[in-house]
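The values are calculated or read from the model by the stated rules, or taken from the named source; none is laboratory data. The structure displayed is predicted, hence computed values, not measured ones. Virtual Cβ from ideal backbone geometry, glycine too; neighbours counted across all protein chains shown. The area values use the complete protein model at the heavy-atom level, side chains included, leaving out ligands, DNA and RNA. Shrake-Rupley method; radii C 1.70, N 1.55, O 1.52, S 1.80 Å.
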Amino acid sequence: MPRTSPLALAALLVSLASLSAQAAPIDEAPISSPDRLSREIGMGVGGTVLDFQTDRGPWLGTYANGGTIAPDSAQGADYATRGLSIGYGLGWHGLAPFIGYAQGQSDLDDGVTQTRIRSYFIGLGLSGERGRFSYDAALYAGRTHNKIESPVALTGAADFDGQLLGLSLRGGSLLWQNPTANYGVDLVVQGDFVRHTTESHPITGVPGGRVSERTTTSSALRLEMGVPMERNGASIRPYLALSAFGGTPDDITFSVGGISTSFDPADVSGGGALSLGTSFVTGDGGLKGRVELSRDAEGETLWGLRLGMAF
(Lines give C-alpha, C1' and ligand atoms only; values in the text may rest on other atoms or scores of the structure.)
Protein backbone atom coordinates (compact mmCIF):
# COMPACT_ATOMS: atom_id res chain seq x y z
CA MET A 1 0.00 0.00 0.00
CA PRO A 2 1.53 3.36 -1.03
CA ARG A 3 2.48 5.74 1.75
CA THR A 4 1.51 9.40 1.85
CA SER A 5 4.45 11.69 2.52
CA PRO A 6 4.21 14.11 5.46
CA LEU A 7 4.46 17.06 3.07
CA ALA A 8 1.53 15.82 0.92
CA LEU A 9 -0.53 15.14 4.02
CA ALA A 10 0.21 18.60 5.37
CA ALA A 11 -0.78 20.17 2.03
CA LEU A 12 -4.07 18.25 2.06
CA LEU A 13 -4.84 19.40 5.61
CA VAL A 14 -4.06 23.00 4.68
CA SER A 15 -6.39 22.76 1.65
CA LEU A 16 -9.20 21.32 3.76
CA ALA A 17 -8.74 24.02 6.37
CA SER A 18 -8.77 26.66 3.65
CA LEU A 19 -12.01 25.25 2.19
CA SER A 20 -13.62 25.23 5.61
CA ALA A 21 -12.55 28.80 6.30
CA GLN A 22 -13.74 30.05 2.93
CA ALA A 23 -16.98 28.07 2.88
CA ALA A 24 -18.04 29.39 6.28
CA PRO A 25 -19.63 32.57 4.82
CA ILE A 26 -21.72 30.53 2.36
CA ASP A 27 -25.32 30.74 3.52
CA GLU A 28 -27.72 28.00 2.46
CA ALA A 29 -30.71 30.38 2.48
CA PRO A 30 -29.99 32.37 -0.72
CA ILE A 31 -28.79 29.26 -2.56
CA SER A 32 -32.02 27.47 -1.56
CA SER A 33 -34.22 30.44 -2.44
CA PRO A 34 -34.77 29.33 -6.08
CA ASP A 35 -36.33 26.15 -4.67
CA ARG A 36 -39.22 28.19 -3.26
CA LEU A 37 -39.42 30.82 -5.98
CA SER A 38 -39.57 28.17 -8.71
CA ARG A 39 -42.47 26.51 -6.86
CA GLU A 40 -44.34 29.78 -6.57
CA ILE A 41 -43.99 30.80 -10.23
CA GLY A 42 -44.64 27.28 -11.53
CA MET A 43 -47.76 26.67 -9.47
CA GLY A 44 -48.78 30.29 -9.99
CA VAL A 45 -48.80 30.01 -13.79
CA GLY A 46 -50.30 26.51 -13.58
CA GLY A 47 -53.09 27.90 -11.39
CA THR A 48 -53.97 30.62 -13.90
CA VAL A 49 -54.44 27.95 -16.56
CA LEU A 50 -56.68 25.84 -14.31
CA ASP A 51 -58.76 28.91 -13.38
CA PHE A 52 -59.15 30.68 -16.70
CA GLN A 53 -58.68 28.33 -19.66
CA THR A 54 -61.67 27.95 -21.96
CA ASP A 55 -62.76 25.20 -24.31
CA ARG A 56 -62.88 27.50 -27.32
CA GLY A 57 -61.26 30.84 -28.07
CA PRO A 58 -58.55 33.02 -26.50
CA TRP A 59 -58.16 33.64 -22.78
CA LEU A 60 -55.85 35.47 -20.39
CA GLY A 61 -54.92 34.70 -16.79
CA THR A 62 -52.78 36.69 -14.34
CA TYR A 63 -51.65 36.11 -10.76
CA ALA A 64 -49.70 37.70 -7.93
CA ASN A 65 -48.80 36.24 -4.55
CA GLY A 66 -46.48 36.79 -1.64
CA GLY A 67 -45.67 36.02 1.94
CA THR A 68 -42.92 35.11 4.36
CA ILE A 69 -40.64 32.06 4.38
CA ALA A 70 -39.56 30.94 7.85
CA PRO A 71 -37.39 27.78 7.70
CA ASP A 72 -36.35 26.16 10.99
CA SER A 73 -32.56 26.27 10.56
CA ALA A 74 -31.85 29.18 8.19
CA GLN A 75 -32.70 32.84 7.86
CA GLY A 76 -36.15 33.64 6.51
CA ALA A 77 -37.28 35.91 3.70
CA ASP A 78 -40.19 37.90 2.36
CA TYR A 79 -41.11 36.95 -1.19
CA ALA A 80 -43.45 38.07 -3.96
CA THR A 81 -44.09 36.65 -7.44
CA ARG A 82 -46.35 37.52 -10.35
CA GLY A 83 -47.06 36.20 -13.81
CA LEU A 84 -49.52 35.62 -16.62
CA SER A 85 -50.62 33.05 -19.15
CA ILE A 86 -52.21 33.52 -22.57
CA GLY A 87 -53.89 30.60 -24.29
CA TYR A 88 -56.34 29.50 -26.92
CA GLY A 89 -59.03 26.87 -26.55
CA LEU A 90 -59.02 24.73 -29.68
CA GLY A 91 -62.58 23.45 -29.28
CA TRP A 92 -61.18 19.94 -29.66
CA HIS A 93 -61.17 17.54 -26.70
CA GLY A 94 -60.76 20.45 -24.29
CA LEU A 95 -57.17 21.20 -25.33
CA ALA A 96 -55.72 24.70 -24.97
CA PRO A 97 -52.06 25.49 -25.77
CA PHE A 98 -50.64 28.45 -23.87
CA ILE A 99 -47.56 30.55 -23.22
CA GLY A 100 -46.67 32.27 -19.96
CA TYR A 101 -44.24 34.47 -18.12
CA ALA A 102 -43.52 34.84 -14.39
CA GLN A 103 -41.00 36.54 -12.16
CA GLY A 104 -40.36 36.82 -8.46
CA GLN A 105 -37.95 37.94 -5.80
CA SER A 106 -37.19 37.33 -2.15
CA ASP A 107 -35.58 39.68 0.37
CA LEU A 108 -33.74 37.81 3.10
CA ASP A 109 -33.86 38.71 6.76
CA ASP A 110 -30.26 39.97 6.78
CA GLY A 111 -31.51 43.03 4.90
CA VAL A 112 -28.77 42.95 2.27
CA THR A 113 -29.40 39.74 0.30
CA GLN A 114 -31.93 39.46 -2.50
CA THR A 115 -32.72 36.60 -4.88
CA ARG A 116 -34.65 36.83 -8.14
CA ILE A 117 -36.11 34.50 -10.74
CA ARG A 118 -37.85 34.89 -14.07
CA SER A 119 -39.10 32.37 -16.58
CA TYR A 120 -40.95 31.98 -19.85
CA PHE A 121 -43.29 29.02 -20.21
CA ILE A 122 -44.93 26.98 -22.93
CA GLY A 123 -47.59 24.42 -22.14
CA LEU A 124 -50.83 22.63 -22.85
CA GLY A 125 -54.07 22.91 -20.91
CA LEU A 126 -56.98 20.49 -20.74
CA SER A 127 -60.50 21.00 -19.40
CA GLY A 128 -63.81 19.16 -19.46
CA GLU A 129 -66.93 18.07 -17.61
CA ARG A 130 -68.67 14.77 -16.94
CA GLY A 131 -72.04 15.45 -15.37
CA ARG A 132 -71.39 17.17 -12.03
CA PHE A 133 -67.67 16.41 -12.21
CA SER A 134 -65.29 18.93 -13.82
CA TYR A 135 -61.58 18.56 -14.45
CA ASP A 136 -58.66 20.74 -15.52
CA ALA A 137 -54.98 20.10 -16.17
CA ALA A 138 -51.90 22.06 -17.20
CA LEU A 139 -48.56 20.68 -18.36
CA TYR A 140 -45.81 23.25 -18.82
CA ALA A 141 -42.08 23.71 -19.24
CA GLY A 142 -39.82 26.73 -19.05
CA ARG A 143 -36.31 28.02 -18.75
CA THR A 144 -35.48 30.08 -15.68
CA HIS A 145 -32.95 32.79 -15.04
CA ASN A 146 -31.86 33.13 -11.42
CA LYS A 147 -29.86 35.77 -9.56
CA ILE A 148 -28.41 36.13 -6.08
CA GLU A 149 -27.34 39.61 -4.98
CA SER A 150 -25.43 39.77 -1.71
CA PRO A 151 -22.28 41.47 -0.37
CA VAL A 152 -19.02 39.68 -1.12
CA ALA A 153 -18.44 39.40 2.62
CA LEU A 154 -21.49 37.12 2.77
CA THR A 155 -22.56 34.85 -0.09
CA GLY A 156 -21.69 37.23 -2.90
CA ALA A 157 -23.43 37.40 -6.26
CA ALA A 158 -24.46 34.63 -8.63
CA ASP A 159 -26.19 34.53 -12.01
CA PHE A 160 -27.35 31.20 -13.43
CA ASP A 161 -29.98 29.47 -15.57
CA GLY A 162 -32.29 26.57 -14.89
CA GLN A 163 -35.00 24.38 -16.40
CA LEU A 164 -38.50 23.97 -14.99
CA LEU A 165 -41.16 21.33 -15.65
CA GLY A 166 -44.58 21.34 -14.00
CA LEU A 167 -47.93 19.61 -13.88
CA SER A 168 -51.15 20.89 -12.26
CA LEU A 169 -54.31 18.78 -11.93
CA ARG A 170 -57.71 19.70 -10.53
CA GLY A 171 -61.01 17.88 -10.17
CA GLY A 172 -64.22 19.10 -8.60
CA SER A 173 -67.81 18.04 -8.04
CA LEU A 174 -71.01 19.60 -6.74
CA LEU A 175 -71.93 17.76 -3.54
CA TRP A 176 -75.27 19.43 -2.81
CA GLN A 177 -77.57 21.88 -4.56
CA ASN A 178 -80.36 23.80 -2.86
CA PRO A 179 -83.50 22.87 -4.79
CA THR A 180 -85.12 26.28 -4.30
CA ALA A 181 -82.15 28.67 -4.41
CA ASN A 182 -79.04 29.19 -6.53
CA TYR A 183 -76.40 27.97 -4.13
CA GLY A 184 -74.81 24.67 -3.13
CA VAL A 185 -71.71 23.01 -1.73
CA ASP A 186 -68.83 21.66 -3.82
CA LEU A 187 -65.51 19.94 -3.27
CA VAL A 188 -62.33 20.52 -5.27
CA VAL A 189 -59.07 18.54 -5.11
CA GLN A 190 -55.89 19.86 -6.69
CA GLY A 191 -52.39 18.45 -7.05
CA ASP A 192 -49.26 20.21 -8.31
CA PHE A 193 -45.77 19.04 -9.17
CA VAL A 194 -42.78 21.23 -10.10
CA ARG A 195 -39.26 20.08 -10.98
CA HIS A 196 -36.55 22.75 -11.15
CA THR A 197 -32.92 22.11 -12.10
CA THR A 198 -30.34 24.87 -11.71
CA GLU A 199 -27.04 24.80 -13.53
CA SER A 200 -23.64 24.79 -11.87
CA HIS A 201 -22.53 28.34 -11.16
CA PRO A 202 -19.80 30.39 -9.43
CA ILE A 203 -20.42 32.72 -6.50
CA THR A 204 -18.34 35.80 -5.88
CA GLY A 205 -18.26 35.42 -2.09
CA VAL A 206 -15.48 32.84 -2.41
CA PRO A 207 -12.96 33.35 -5.25
CA GLY A 208 -12.94 30.20 -7.35
CA GLY A 209 -15.93 28.81 -5.46
CA ARG A 210 -18.69 27.02 -7.36
CA VAL A 211 -22.09 25.51 -6.56
CA SER A 212 -22.87 22.28 -8.40
CA GLU A 213 -26.01 21.59 -10.42
CA ARG A 214 -29.06 20.98 -8.22
CA THR A 215 -32.54 19.59 -8.81
CA THR A 216 -35.51 20.29 -6.57
CA THR A 217 -38.96 18.74 -6.82
CA SER A 218 -41.88 20.49 -5.13
CA SER A 219 -45.39 19.16 -4.67
CA ALA A 220 -48.69 20.36 -3.26
CA LEU A 221 -51.99 18.68 -2.46
CA ARG A 222 -54.99 20.91 -1.82
CA LEU A 223 -58.50 20.12 -0.59
CA GLU A 224 -61.00 22.92 -1.09
CA MET A 225 -64.66 23.16 -0.07
CA GLY A 226 -66.77 26.01 -1.41
CA VAL A 227 -70.28 27.43 -1.50
CA PRO A 228 -71.02 28.55 -5.08
CA MET A 229 -73.81 31.12 -5.40
CA GLU A 230 -75.34 32.68 -8.51
CA ARG A 231 -77.42 35.78 -9.02
CA ASN A 232 -78.23 37.91 -12.09
CA GLY A 233 -75.71 36.11 -14.28
CA ALA A 234 -72.83 36.61 -11.85
CA SER A 235 -71.46 34.14 -9.34
CA ILE A 236 -69.38 34.11 -6.19
CA ARG A 237 -67.86 31.16 -4.38
CA PRO A 238 -66.43 31.59 -0.88
CA TYR A 239 -64.23 28.65 0.09
CA LEU A 240 -62.01 27.12 2.75
CA ALA A 241 -58.92 25.16 1.69
CA LEU A 242 -56.27 23.00 3.33
CA SER A 243 -52.93 22.51 1.57
CA ALA A 244 -49.97 20.22 2.22
CA PHE A 245 -46.60 20.96 0.61
CA GLY A 246 -43.59 18.72 0.08
CA GLY A 247 -40.19 18.93 -1.52
CA THR A 248 -37.03 16.90 -2.17
CA PRO A 249 -34.17 19.35 -2.83
CA ASP A 250 -30.69 18.16 -3.65
CA ASP A 251 -27.93 18.90 -1.17
CA ILE A 252 -25.84 21.96 -1.87
CA THR A 253 -22.41 20.89 -3.12
CA PHE A 254 -19.80 23.63 -2.99
CA SER A 255 -16.30 23.31 -4.38
CA VAL A 256 -13.15 25.45 -4.38
CA GLY A 257 -9.59 24.63 -5.28
CA GLY A 258 -10.52 21.12 -6.42
CA ILE A 259 -12.06 20.22 -3.05
CA SER A 260 -15.80 19.96 -2.48
CA THR A 261 -18.16 19.71 0.45
CA SER A 262 -21.93 19.20 0.70
CA PHE A 263 -24.47 20.52 3.16
CA ASP A 264 -28.22 20.54 3.61
CA PRO A 265 -30.31 23.20 1.89
CA ALA A 266 -32.80 25.34 3.78
CA ASP A 267 -36.22 23.68 4.05
CA VAL A 268 -38.33 26.14 2.05
CA SER A 269 -40.63 23.65 0.30
CA GLY A 270 -42.45 21.73 3.04
CA GLY A 271 -45.26 22.52 5.44
CA GLY A 272 -48.97 23.21 5.15
CA ALA A 273 -51.45 26.07 5.04
CA LEU A 274 -55.07 26.88 5.81
CA SER A 275 -56.67 29.28 3.32
CA LEU A 276 -59.81 31.38 3.22
CA GLY A 277 -60.85 33.01 -0.02
CA THR A 278 -63.46 33.63 -2.66
CA SER A 279 -63.66 33.25 -6.40
CA PHE A 280 -66.02 35.21 -8.64
CA VAL A 281 -67.33 35.51 -12.19
CA THR A 282 -68.92 38.78 -13.31
CA GLY A 283 -70.89 37.18 -16.15
CA ASP A 284 -70.52 35.38 -19.48
CA GLY A 285 -67.24 36.51 -21.01
CA GLY A 286 -66.62 38.87 -18.09
CA LEU A 287 -63.88 39.20 -15.54
CA LYS A 288 -63.08 36.18 -13.39
CA GLY A 289 -60.84 35.92 -10.39
CA ARG A 290 -60.07 34.82 -6.88
CA VAL A 291 -58.56 36.40 -3.80
CA GLU A 292 -57.12 34.39 -0.92
CA LEU A 293 -55.42 34.73 2.46
CA SER A 294 -53.56 31.84 4.06
CA ARG A 295 -51.86 30.98 7.33
CA ASP A 296 -49.06 28.43 7.10
CA ALA A 297 -47.76 25.92 9.65
CA GLU A 298 -45.12 28.42 10.86
CA GLY A 299 -47.78 31.04 11.58
CA GLU A 300 -46.86 33.24 8.60
CA THR A 301 -49.47 35.00 6.48
CA LEU A 302 -49.57 34.41 2.71
CA TRP A 303 -51.74 36.11 0.09
CA GLY A 304 -52.75 35.44 -3.49
CA LEU A 305 -54.73 37.14 -6.25
CA ARG A 306 -55.77 35.88 -9.69
CA LEU A 307 -57.64 37.73 -12.43
CA GLY A 308 -58.50 36.60 -15.95
CA MET A 309 -61.04 36.59 -18.73
CA ALA A 310 -62.00 35.02 -22.04
CA PHE A 311 -62.22 37.03 -25.25
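Which members of region 274-308 meet the condition of being farther than 15 Å from Leu50 by Cβ, among the aliphatic types (A, V, I, L, M) and more than 21 Å from the chain's Cα centre (by Cα)? Result: Leu287, single match.
Here is the figure for region 165-189: residues that are under 29 Å from the mean Cα position of the chain (by Cα), under 20 Å from Pro238 (Cα atoms) and polar (S, T, N, Q) total 1.
Count, please, the residues in region 136-155 that happen to be assigned to a strand (DSSP E or B) and open to solvent by less than 60 Å² (accessible area, probe 1.4 Å). Full working, then the answer.
In the first step, residues of region 136-155 are kept if they are assigned to a strand (DSSP E or B); the result is 136-149.
Right, trim to open to solvent by less than 60 Å² (accessible area, probe 1.4 Å) and you get 136-138, 140-142, 144-146, 148.
Total meeting the criteria: 10.
Name the single residue, out of those in region 156-189 being more than 22 Å from Ser85 (Cα to Cα) and acidic (Asp, Glu), that is surrounded by the fewest Cβ atoms within 10 Å (Cβ to Cβ). Selected residue: Asp159.
Taking first residues from region 56-77 that are free of Cβ contacts under 8 Å to residues at least 60 places away in the same chain and within 30 Å of Gly128 (Cα to Cα) and partners that are open to solvent by 40 Å² or more (accessible area, probe 1.4 Å) and outside any strand (DSSP E or B), no Cβ contact under 8 Å between residues at least 6 apart in sequence or on separate chains turns up.
Across region 238-269, what is the total count of residues that are within 17 Å of Ser106 (Cβ to Cβ) and of a type outside the set (S, T, N, Q)? Before you say what the answer is, go through the steps one by one.
First pass over region 238-269, keeping only residues within 17 Å of Ser106 (Cβ to Cβ): 245, 247, 249, 252, 265-269.
Imposing the further condition that a residue be of a type outside the set (S, T, N, Q) reduces the set to 245, 247, 249, 252, 265-268.
Selection size over region 238-269: 8.
When you check Asp192 against the structure, is it open to solvent by less than 50 Å² (accessible area, probe 1.4 Å), acidic (Asp, Glu) and within 16 Å of the chain's Cα centre (by Cα), yes or no? Yes, satisfied. For the criterion of being closer than 30 Å to Glu28 by Cβ, modelled with pLDDT of 95 or more and not β-branched (Val, Ile, Thr), Asp107 passes. If you go through region 85-127 and pick out every residue that is within 14 Å of the chain's Cα centre (by Cα) and aliphatic (A, V, I, L, M), you end up with 2.
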